[in-house]
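Before we start, here is the structure in question, set down as structure tokens.
The values are calculated or read from the model by the stated rules, or taken from the named source; none is laboratory data. As the structure is a prediction and not an experimental result, all values here were calculated from the model. No Cβ is skipped: glycine too gets one built from the backbone with ideal geometry, and neighbour counts run over all protein chains shown. Ligands, DNA and RNA are stripped out before the accessible areas are found, and what is left, the full protein with its side chains, is counted by its heavy atoms. Shrake-Rupley method; radii C 1.70, N 1.55, O 1.52, S 1.80 Å.
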Amino acid sequence: MKVQALQGDTVDLLCQRHYGTTQGVTEIVLAANKALAGQIFLDAGQVVELPEERLPSNPSQARIDAALEKEAAAIRAKLAPGASLVALCVEGRMRSSEELSGLLSDWSSRGGSSLSFLIGGSYGLAPSLKAQAWAKLSMSPMTFPHHLARVMLLEQLYRSFKIDEGSSYHK
């Protein structure tokens, strides 16, 4: 179970792995936090990693549902008060980079102060948490490892901010 957010050393590490450098990328992501009038990421930009509930092989749907609700309670306990949630889930809407940029601009213009991106564990996110989400995004109908999803999310957020500032980076 992951509650995703990025800052500082984490951004540096992901940028180094993904781009081969941290030159400029870290500064843009951290500047984007300020540009969105507050904390775009949970807990002032930190990655908060929560343990996934351990389930036996071939668990029943009831056990899966119970584990997802327990994970949802742990996530809610870590959220900033009044945080807007973005759930990354297969039921979410696939958006172009330009649409994601518009979504973030819309959130910011409505006075949003805390935006948290959630990436679920192997069984996803609890339905109650997805229902609570301000937006649901899907990167693809395919399944990706959590670490790759983090990098993909970071890159799309970076791209979104570059689009918003009118840069040609995204082309």
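Give the residues of the stretch 57-93 that are modelled with pLDDT of 90 or more, surrounded by fewer than 14 Cβ atoms within 10 Å (Cβ to Cβ) and in a loop (DSSP other than H, G, I, E, B), sorted by residue number.
SER57, ASN58, SER60
Right, something else. Residues SER96, SER101: which one is out of contact with any helix residue (DSSP H, G or I) (no Cβ under 8 Å at 6 or more places or on another chain), open to solvent by less than 60 Å² (accessible area, probe 1.4 Å), modelled with pLDDT of 90 or more and among the polar types (S, T, N, Q)? Walk me through how you get there before you give the answer.
Working: SER101 fails: out of contact with any helix residue (DSSP H, G or I) (no Cβ under 8 Å at 6 or more places or on another chain).
Step by step, each of SER96, SER101 is checked, and only SER96 is out of contact with any helix residue (DSSP H, G or I) (no Cβ under 8 Å at 6 or more places or on another chain), open to solvent by less than 60 Å² (accessible area, probe 1.4 Å), modelled with pLDDT of 90 or more and among the polar types (S, T, N, Q).
Hey, among the residues in the stretch 133-164 that are at pLDDT 85 or above and assigned to a loop (DSSP other than H, G, I, E, B), which one's nearest to SER122 (Cα to Cα)?
Residue satisfying both the conditions and the ranking: MET142.
Additional query: Name every residue in the stretch 124-171 that is more than 25 Å from GLU52 (Cα to Cα) and either open to solvent by 70 Å² or more (accessible area, probe 1.4 Å) or aromatic (Phe, Trp, Tyr) (or both), in order of residue number.
Passing the criteria: TYR158, PHE161, ASP164, GLU165, SER168, TYR169, LYS171.
Give the residues of the stretch 105-160 that are closer than 14 Å to LEU85 by Cα and β-branched (Val, Ile, Thr), sorted by residue number.
ILE119
Which one is nearest to HIS146 (Cα to Cα) among residues in the stretch 104-123 that are in a loop (DSSP other than H, G, I, E, B) and open to solvent by 20 Å² or more (accessible area, probe 1.4 Å)?
SER122
State all residues of the stretch 123-160 that are more than 15 Å from the chain's Cα centre (by Cα) and of a type in the set (A, V, I, L, M, F, W, C); if no residue qualifies, say none.
Listed by number, the residues that qualify are ALA126, ALA131, MET142.
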